[in-house]
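Visitor: Have a look at the structure that comes next, please.
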Amino acid sequence: MPSLRPSRPRRSPGRPRIVVLGDLVVDVVLAPDRPLEHATDVPGRVRLLQGGSAATTARWLGRLGARSSMIAAVGRDPAGRALVDTLRSDHVTPRVVRIPAAPTGRIGVLVSPDGERSFVQDRGAALQLAPADIKAAWFARAGAVHMPVYSLLDEPIGLAGRRAIELGRAAGAAVSIDLASIGPLLARGRRAARDLLVEIAPDLLFATAAEAEGLLGRYAVEGLLAFSPVAIVKRGSKGATVLAREGDAQLRFEVATAHIAATDTTGAGDAFDAGFLVAWFTARAAGKSLPASLQRAALAGHRAAAKQLTSTRQELPLA
């Protein structure tokens, strides 16, 4: 099997080319106006929206000017067709496999009145993406391959994710991983999660503060640098902690962000990833220093997250 270890990232002029792999699903969003009450109704909103952590990042990459493509699997159903159309509308090139024997994935999203979210996964066809579906031509001139870590945890999508990393690195691309969710990340235990990251050796690693603690235990977040030379800890309204290795030295700095009152925080972290990646690869290609590139990228991530938080998510047209 080809190596998963890092190769030198490609620095292409112009807009960065970023390949995203992961879930393209329907979010079934339940947003009650007040806390749920046992065995009775409460008023609120129920909406069908484009979902999937990877898909949200891919769409924001396209909106921010990157050459964005999305590798995913959907069912042969109206939901799958509608989701592919939404990718195209955001300037994302779809590399989407249609699975006849499984429905397009759905994620139940319960949004509490304070904006916090809980999820129920029914990933359906998304899990059926297979290594044979991944084409080497999709990674030509790519600057990066990005995916949430749960694209590496189930099968056969986990094998497809590894194949994408192999082909991306063979083409000179960097690898970017988001820890994405504590539950799937730690389902096989902390050691297995750490071993996976050692195996993949991402060039950039994104995590929330809770995900970093889940992976590291009570150790300081600098421990993320054992798995990647660049790590970003997303802290919501508290900003972000940016970490990097440069030779024998370690860099750490905090990048603040303005507080935004949001009733639904879904996708903000994924949008942050997109903003960070576009600014990071643009700055590095322009020859900016590591600290300057990190600072610009974190600020761009905050701006993209703010846009996600303040924009209206459009209902998915299933007709």
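Visitor: Considering (1) at positive phi; (2) at pLDDT 95 or above, say which one Thr93 fails and leave the rest.
Guide: Thr93 satisfies all of (1) at positive phi; (2) at pLDDT 95 or above except (1).
Visitor: Which one of these does Gly236 not meet: (1) over 20 Å from Leu299 (Cα atoms); (2) within 17 Å of the chain's Cα centre (by Cα); (3) open to solvent by 50 Å² or more (accessible area, probe 1.4 Å)?
Guide: Failing condition for Gly236: (1).
Visitor: Moving on. Identify the residue in the range 198-239 that is in a loop (DSSP other than H, G, I, E, B) and of a type in the set (Gly, Ala, Ser) and, among all such residues, is nearest to Ala274 (Cα to Cα).
Guide: So, considering only residues that are in a loop (DSSP other than H, G, I, E, B) and of a type in the set (Gly, Ala, Ser), the one nearest to Ala274 (Cα to Cα) is Gly239.
Visitor: A follow-up question, please. I want to confirm something. Restricting to the range 167-176 and keeping residues that are in a helix (DSSP H, G or I) and farther than 18 Å from Trp280 by Cβ, which single residue is least open to solvent (accessible area, probe 1.4 Å)?
Guide: Leu167
Visitor: Here's a follow-up. Would you please list the contacts, defined by Cβ atoms under 6 Å and residues six or more apart or on different chains, that run from a residue in the range 76-94 that is open to solvent by 10 Å² or more (accessible area, probe 1.4 Å) to a residue that is part of a helix (DSSP H, G or I)?
Guide: Asp90/Arg59; Asp90/Gly62; Asp90/Arg63; His91/Gly62; Pro94/Val84; Pro94/Leu87
Visitor: Open to solvent by 50 Å² or more (accessible area, probe 1.4 Å) and either touching a helix residue (DSSP H, G or I) at 6+ places or on another chain (Cβ under 7 Å) or within 24 Å of Ile18 (Cα to Cα) (or both): which single residue out of Arg245, Arg313 fits that description?
Guide: Arg245
Visitor: Follow-up question, since we're still on this one. The conditions are (1) of a type in the set (S, T, N, Q); (2) part of a loop (DSSP other than H, G, I, E, B); (3) closer than 21 Å to Lys135 by Cα, and Thr40 fails exactly one of them. Which is it?
Guide: With (1) of a type in the set (S, T, N, Q); (2) part of a loop (DSSP other than H, G, I, E, B); (3) closer than 21 Å to Lys135 by Cα applied to Thr40, the lone miss is (3).
Visitor: Anything in the range 24-79 that is touching a Lys or Arg at 6+ places or on another chain (Cβ under 6 Å), farther than 23 Å from Asp264 by Cβ and not β-branched (Val, Ile, Thr)? List them, or say none.
Guide: Matches in the range 24-79: Gly65, Ala66, Arg67, Ser69, Arg76.
Visitor: Quick one: would you say Leu179 is under 17 Å from the mean Cα position of the chain (by Cα) and open to solvent by less than 10 Å² (accessible area, probe 1.4 Å)?
Guide: Criteria met by Leu179.
Visitor: Identify, from the list Arg252, Arg235, Arg245, the residue that is in contact with a Pro (Cβ under 7 Å, 6 or more places away or on another chain) and touching a residue at least 12 places away in the same chain (Cβ under 8 Å).
Guide: Matching residue, one of Arg252, Arg235, Arg245: Arg245.
The values are calculated or read from the model by the stated rules, or taken from the named source; none is laboratory data. Note that the structure is predicted; figures quoted are calculated from it, not measured. Don't worry about glycine lacking a Cβ; one is built from the backbone with ideal geometry, like all the others, and counts go over all protein chains shown. Accessible surface is based on the protein model in full, side chains and every heavy atom, while ligands, DNA and RNA are left aside. Shrake-Rupley method; radii C 1.70, N 1.55, O 1.52, S 1.80 Å.
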